Every structure is written in structure tokens, then in C-alpha cells.
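What follows is a single structure, written as C-alpha cells, with notes after it.
The values are calculated or read from the model by the stated rules, or taken from the named source; none is laboratory data. This structure is a prediction, so every number in the text was calculated from the model and none was measured. Neighbour counts are summed over all protein chains in view; Cβ atoms, including those assigned to glycine, are modelled from backbone coordinates with ideal geometry. Only protein heavy atoms, including side chains, enter the accessible area calculation; ligands, DNA and RNA are left aside. Shrake-Rupley method; radii C 1.70, N 1.55, O 1.52, S 1.80 Å.
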Amino acid sequence: MTLALPERPTTVEPIFYKVSDAERVLRLSRTVIYSLMRTGRLRTVKEGRARLIPASAIHEYAALLEREAGEKN
């Protein structure tokens, strides 16, 4: 008799992204990411000297873009 192991998810969304990871996820340049952070459009947290972007902040930014696009149409 063999015991079946629970399946592990193949991909796990990170809780926090480094700026370089956020660049890849959002497909924006480093300059644009830092500009969004500076203006408060992309929320960040700080852990030690590291500036991190919560996954929830990336989702909030995407929702903000969708709302703004809807307002223009």
C-alpha cells in the first residue's frame, strides 16, 4: 500500500516583489517603476534597506489602470 502525497502547486505567486521582478511582471522600465513608487501610484514597503512591492499593490495598480481606462471611454 502506498500513500498518495498531496499535489504541490507548480507555481506560487510571491508575496513581495523586488523592483527588478516588478519590472518584469508589469513590463515597465525601472525608471517608470520608481516614478510610480515616488508618486504613490505603486505602493511599497521597506524591509531593512530593501524596497519591496507587495503582490497586492501590483493588483491594485492594475485595477487603477483599468478604472482610469474606463473613465476615458
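When only Cα pairs under 8 Å and 6 or more residues apart are kept, what is the percent relative contact order across the chain? Computed value for the chain: 29 percent relative contact order.
One entry in (1) 12.0, 37; (2) 11.4, 36; (3) 16.8, 62 is Rg and Dmax of the Cα atoms in Å calculated from the shown coordinates; its label is (3).
A cut-off under 15 angstrom between Cβ atoms defines the neighbours of Thr11, and their net charge, with Lys, Arg +1 and Asp, Glu -1, is -1. Taking every protein chain into account, the accessible area of the chain amounts to 85 square angstrom per residue (probe 1.4 Å). Counting protein heavy atoms only, the chain has 54 percent of its accessible area on carbon and sulfur, 1.4 angstrom probe.
Taken as entire DSSP H runs, the helices of the chain that both span 15 Å or more between Cα atoms along their own long axis and average -0.5 or more on the Kyte-Doolittle scale are 55-72. Dividing the helix sum by the residues of the chain, where each DSSP H run of 4 or more adds -39500 (n - 2.57), gives a mean residue ellipticity at 222 nm of -15500 deg cm²/dmol.
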